[in-house]
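Asks: Got a structure for you, questions after.
The values are calculated or read from the model by the stated rules, or taken from the named source; none is laboratory data. What you are looking at is a predicted structure, and each value in this text was computed from that prediction instead of being measured. Cβ: placed from backbone, ideal geometry, glycine included. Neighbour counts: every protein chain shown. To get the accessible areas, we keep the full protein, side chains included, count just its heavy atoms, and leave off ligands, DNA and RNA. Shrake-Rupley method; radii C 1.70, N 1.55, O 1.52, S 1.80 Å.
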Amino acid sequence: MLDDKNRRLIMDRLGGAVDALVADLYSGKTDGVSVVQEAEITSRLCQRLEDKLDNSPAGDYVFRVIAQSLPDRGPNSMEKLFGADIFLSISLDGPGGFDKGIFIQAKYDRNIDRNELKGACRRMEAIADRQGVYVWVYEPNGVKVLSSHQVRQMKHNSLAGIQPRTTTGFTGRILDCYAGSRAWGIPSTGNRRKMVAERLREVRASNLLDIKLKKMD
């Protein structure tokens with residue numbers, strides 16, 4: 001179990017990095033078309049998180065980050081069948097540590113379609129339990145996170161009436177073992193990069209972001 005100091009430092013470091021990068025990538029429209037598409041934000045976000053966080057410290061831990069993407073496979077791709085834009089893998093070293101996986105659908109705040117999101121969550125829940133299924137909504141200041149349960153409660157094509165979590169709060173849920181599927185976690189031992197590539201082919205998400213929190217000696 002993480003102590004409060006390390007928990008807060010990890011939450012702030014990861015949540016802050018995600019929000020800052022999404023705020024930088026978020027774009028307006030030109031002639032009714034987004035300058036930067038959702039898929040491009042997601043791909044750039046994963047790669048920039050590797051660049052920004054890999055080998056950086058957070059309290060007694062150091063981030064080890066790997067970002068990988070599958071090439072576009074067309075409208076009938078497995079990603080479309082499963083509904084995941086990102087597969088997020090997180091491992092925590094040490095006593096009380098864990099290996100978890102999370103399937104994530106990502107949307108611009110202006111492109112929310114509750115029926116589409118409900119369908120995506122159903123497809124993701126067909127291969128993972130509810131603790132491993134989430135939606136990220138890209139906003140001008142960062143990301144808002146919805147559980148699949150919250151998606152089912154949506155009555156509008158917006159976040160009206162919903163209380164989403166921040167990315168920092170979502171990270172805390174993962175660290176506290178309330179979010180994430182252990183069945184989909186990548187083991188902490190072995191060739192991590194090879195296992196990441198194998199898991200990416202298995203989950204068929206467009207992007208895989210792997211984060212290992214390694215305890216420093």
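Asks: Quick check: is even one residue across the stretch 167-190 within 28 Å of Gly97 (Cβ to Cβ), basic (Lys, Arg), assigned to a helix (DSSP H, G or I) and touching a residue at least 40 places away in the same chain (Cβ under 8 Å)?
Replies: yes
Asks: Shifting gears a bit: Which condition does Ile66 not pass, out of (1) touching a helix residue (DSSP H, G or I) at 6+ places or on another chain (Cβ under 7 Å); (2) open to solvent by 20 Å² or more (accessible area, probe 1.4 Å), if it passes all the others?
Replies: (2)
Asks: Out of Pro75, Pro95, report the one residue that is part of a loop (DSSP other than H, G, I, E, B), within 24 Å of Lys29 (Cα to Cα) and either open to solvent by 40 Å² or more (accessible area, probe 1.4 Å) or modelled with pLDDT under 95 (or both).
Replies: Pro75
Asks: Among the numbered conditions (1) surrounded by fewer than 19 Cβ atoms within 10 Å (Cβ to Cβ); (2) in contact (Cβ under 8 Å) with a residue 40 or more places away in the chain, tell me where Gln153 comes up short.
Replies: (2)
Asks: Mind telling me which of the residues Arg114, Arg173 ends up being in contact with a His (Cβ under 8 Å, 6 or more places away or on another chain) and either more than 18 Å from Gln68 (Cα to Cα) or of a type in the set (Phe, Trp, Tyr) (or both)?
Replies: After applying the criteria, what remains is Arg114.
Asks: Let me ask something additional. With respect to Ser27, determine if the residue is open to solvent by less than 40 Å² (accessible area, probe 1.4 Å), modelled with pLDDT under 80 and farther than 22 Å from Asp99 by Cα.
Replies: Details: open to solvent by less than 40 Å² (accessible area, probe 1.4 Å): yes; modelled with pLDDT under 80: no; farther than 22 Å from Asp99 by Cα: yes.
For Ser27, the condition - open to solvent by less than 40 Å² (accessible area, probe 1.4 Å), modelled with pLDDT under 80 and farther than 22 Å from Asp99 by Cα - is not met.
Asks: Looking at (1) more than 25 Å from Arg13 (Cβ to Cβ); (2) surrounded by 20 or more Cβ atoms within 10 Å (Cβ to Cβ); (3) touching a Leu at 6+ places or on another chain (Cβ under 8 Å); (4) of a type outside the set (Gly, Ala, Ser), which one does Met124 not meet, given that it meets all the others?
Replies: It is condition (3) that Met124 fails.
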